[in-house]
Amino acid sequence: MNRRFLALSAVLLAACTSLPVGQTAPSSSSVITTTTVVTTTTSTIADTTTTVLSSTPLGLITPTGIPVAVRLVSPDGYIVWSPCGNLTRVTDGEPIYGARVVLDPGHGGNRDIGSQGRNGLPEKVANLRVAFEAQAQLEARGIPTVLTRTADYATTIPVRARLADHLGAEVLVSIHHNGPTPEPSPTPGTEIFYQSFSTESRRLGGVLYEHVVDALSQFSEVRWAKAPDGGVITVLNEDGRDTYGMVRRPRTPAVLLEMGYMSNPSEAELFATVEYVEVAGRAIADAIEAYLSTDAPGTGWYEPGRTFRAAPGLSGAECVETPLE
Ligand SMILES: [Zn+2]
């Protein structure tokens, strides 16, 4: 069944239910909840506009495969924000009319590899592999998904956050593998940082935590590590604002997901395997699908949260541009 038919069916069904905003539908597999009404409308807009040639694309996959936000369409191409945040012209590319999900593979390029395993695996590589797998899983389920980074190049945090907002995404997940070395643990030390100002981000974090920890636990041979305050938490600066730019900046409900500890040799060995990438990508896709289509509450919050001042991310001045065409 093609996506347009699904979207139209969803709208017809949504119209039939006629739920006022704020009213929760009774629990039944055949009834669309208020949340679903809103989200299917979004995907319909994304879908139907693909047939209107004069409408303005919100994003673009450039000829070199780089996803960018479109500032405006000009007679000789597109004015886009480059991965380093500069406005530049691109003459051609595959238009993007919206996305329900944006996945952000953390780090990238030579100056920002993230953490690194003792086995030599750079975090930027593991993040990208898991993001590709999760994107493939979501797209296979009819959920339009865009990545903020599609190869080993630099891009700044404001550019990543803007892409999700610009495409009208309902979910933004920044995918990472952690660097510190906490205590040994019988269970995975997955950490999820949610937006202190968003109840939807908090729920997204809880649903992701449930799926990811459950999925990783099947790797029983791994000697896990975990921080005492690990779980689904807020991480705030001394001024009370969210520490991480990928959490603080987006208007889109967003979380930063630390799958586990690249700094723990046993976990780094796991992260280098094909099996891990498949399991991790599927767990993220399952969680996002559950978040979008149900009112699942999630689990795993550690309410005291954490106060921590992080090192600044890659600045625009340090960012080396990658060719767009
Ligand atoms: Zn990272």
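The values are calculated or read from the model by the stated rules, or taken from the named source; none is laboratory data. Because the structure is a prediction, the values reported are computed rather than measured. We place every Cβ from the backbone using ideal geometry, glycine too, and count neighbours over all the protein chains shown. All accessible areas refer to the heavy atoms of the entire protein, side chains included, with ligands and DNA or RNA removed. Shrake-Rupley method; radii C 1.70, N 1.55, O 1.52, S 1.80 Å.
Observations on the structure shown:
- Contour minus Cα-Cα distance for Leu87 and Phe132 (0.36 nm per residue): 13.5 nm
- With Rh defined as the Kirkwood radius, the inverse of the mean 1/r over Cα pairs, the Rg/Rh of the range 223-306 is 0.99.
- Using the average count of surrounding beta-carbon atoms within 10 Å as a protection proxy, the listed peptides 101-110, 62-71 rank, highest first, as 101-110, 62-71.
- Backbone amide hydrogens, once placed in the peptide plane, bring Val146 within less than 5 Å of Val101, Val102, Leu103, excluding anything fewer than 5 places away on its chain.
- Counting DSSP beta bridges with both ends in the range 99-307, the antiparallel % (nearest 5): 30
- Rel. contact order, % - alpha carbon contacts under 8 angstrom, at least six apart, the range 99-307: 29
- For the peptides 86-93, 149-156, the ranking by packing is 149-156, 86-93, with the highest mean count of neighbouring Cβ atoms within 10 Å listed first.
- Relative packing of peptides 163-171, 293-301 - highest average C-beta neighbours within 10 Å first: 163-171, 293-301
- Computed over Cα pairs, the Kirkwood radius of the range 99-307 leads via Stokes-Einstein (1.002 mPa s, 20 °C) to a diffusion coefficient of 129 µm² per second.
- Separation of alpha-carbon centers, the range 203-227 and the range 54-115, rounded to whole Å: 32
- Here the range 215-301 has 48 percent of its accessible surface on carbon and sulfur atoms, given a 1.4 Å probe and all protein chains in place.
- Averaging Cα coordinates gives a centre for the range 146-198 and one for the range 290-325; these two points are 3 Å apart.
- With a cut-off of 15 Å between beta carbons, the residues surrounding Asp229 carry a summed charge of -2, where Lys and Arg count +1 and Asp and Glu -1.
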